[in-house]
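For reference, the structure is listed below as structure tokens.
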Amino acid sequence: MTGLGDSSLEDQVSPRTAAALRSAMTRLFEGPPQRTDGRLTKENLYKEAQVSRATMNRAHAILTEWDAHLAAHGKATPGEAERDAAISDLKKRLTKKTQECTLLENKLRAAHTAIAVLFHDNVALRQQLHQDTTTVVTPIRPRGSRR
């Protein structure tokens with residue numbers, strides 16, 4: 001072999017090791033993993049395959065597939081993707097509920113103001129009524145003069 005030519009994309013591992021790495025890659029991408037926490041890291045790939053890091057690093061074609069998959073699908077595991085989707089949904093719902101609460105708070109302030117105005121009008125009317133009952137009403141014409 002000469003340098004990094006075409007041999008850099010060929011797996012320099014045994015067929016058994018390549019199969020173990022591909023199997024581990026499938027488990028990590030699709031779940032559930034058997035030996036790791038499921039994060040999509042190369043450390044988890046070699047641990048899931050039960051090979052050394054150096055051995056994994058010689059599997060150039062597999063690592064190229066790994067990198068291509070992560071570039072296309074991101075580093076989120078299916079569980080993380082579900083969690084992220086749930087978080088996104090909850091954030092949207094929270095935003096909507098916050099807007100509803102703000103609207104209701106504004107309506108409550110307006111109702112509070114209206115009630116306060118009505119209360120003060122009521123107090124003023126009661127005072128006026130109290131004052132009116134103590135005054136003497138003078139008839140416009142005398143009682144005895146009917147025509």
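The values are calculated or read from the model by the stated rules, or taken from the named source; none is laboratory data. Nothing here was measured: the structure is a model prediction, and the numbers come from that model. So basically every Cβ, Gly included, is an ideal-geometry build from the backbone, and we count neighbours across all protein chains shown. With ligands, DNA and RNA removed, areas are computed over all heavy atoms of the protein, side chains included. Shrake-Rupley method; radii C 1.70, N 1.55, O 1.52, S 1.80 Å.
In segment 24-39, how many residues are among the β-branched types (Val, Ile, Thr) and assigned to a loop (DSSP other than H, G, I, E, B)? Outline the logic, then answer.
Here is the first cut: in segment 24-39, the ones among the β-branched types (Val, Ile, Thr) are 26, 36.
Now narrow it down to the ones that are assigned to a loop (DSSP other than H, G, I, E, B): 36.
Going through segment 24-39 one residue at a time, the tally reaches 1.
How many residues are within 25 Å of the chain's Cα centre (by Cα) and farther than 12 Å from TRP66 by Cα when one looks only at segment 25-38?
5
Do you know which residues across segment 69-90 are assigned to a loop (DSSP other than H, G, I, E, B) and open to solvent by less than 60 Å² (accessible area, probe 1.4 Å)?
Initially, segment 69-90 is screened for residues assigned to a loop (DSSP other than H, G, I, E, B), giving 74-77.
Answer for segment 69-90, where residues must be assigned to a loop (DSSP other than H, G, I, E, B) and open to solvent by less than 60 Å² (accessible area, probe 1.4 Å): GLY74, ALA76, THR77.
Take the residues of segment 39-68 that are open to solvent by 50 Å² or more (accessible area, probe 1.4 Å) and closer than 13 Å to ARG27 by Cβ: which is nearest to the chain's Cα centre (by Cα)? Quick ask: steps written out before the conclusion?
Let us first name the residues in segment 39-68 that are open to solvent by 50 Å² or more (accessible area, probe 1.4 Å), namely 39, 42-43, 47, 50, 52-54, 57-58, 60, 64-65, 67-68.
Adding the requirement that they be closer than 13 Å to ARG27 by Cβ leaves 39, 47, 50.
Values: ARG39: 21, LYS47: 32, GLN50: 36 Å.
Top of the filtered list is ARG39.
Do you know which residues across segment 19-33 are surrounded by fewer than 19 Cβ atoms within 10 Å (Cβ to Cβ) and farther than 15 Å from PRO78 by Cα?
ALA19, ARG22, SER23
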